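Data first, discussion second: the structure below is written as structure tokens.
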Amino acid sequence: MSEWLDNQSKLSGNFCKLLQEQIEKANPRRKLTTAETKRLAKLEAIADKLRRGENVQNRQLQTWLTE
């Protein structure tokens, strides 16, 4: 019984992997510049703070969310 369950999980994992590869082929993404990479990292850090319920200063939000 556990062999069957293992095989099913492998099949679903392979299916998800194949589906993700097809999506990436259909919608190729461009490479981010270094400035964009830094900005993304900073925005992700701010989002993590907000998810944890920590305070983020309005000034910091305004700086990073306006362009």
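Just so you know, all these numbers are worked out from the coordinates, no wet-lab data involved. Please read all numbers here as calculations on a predicted model, not as lab measurements. In this analysis, Cβ positions are derived from the backbone assuming ideal geometry, glycine residues included, and neighbour counts consider all displayed protein chains.
What to note about this one:
- Members of segment 32-56 that are in contact with a helix residue (DSSP H, G or I) (Cβ under 9 Å, 6 or more places away or on another chain) and part of a loop (DSSP other than H, G, I, E, B): Leu32, Glu54, Asn55, Val56
- Segment 18-40, residues that are surrounded by 10 or more Cβ atoms within 10 Å (Cβ to Cβ) and within 16 Å of the chain's Cα centre (by Cα): Gln20, Glu21, Glu24, Leu32, Glu36, Thr37, Lys38, Arg39, Leu40
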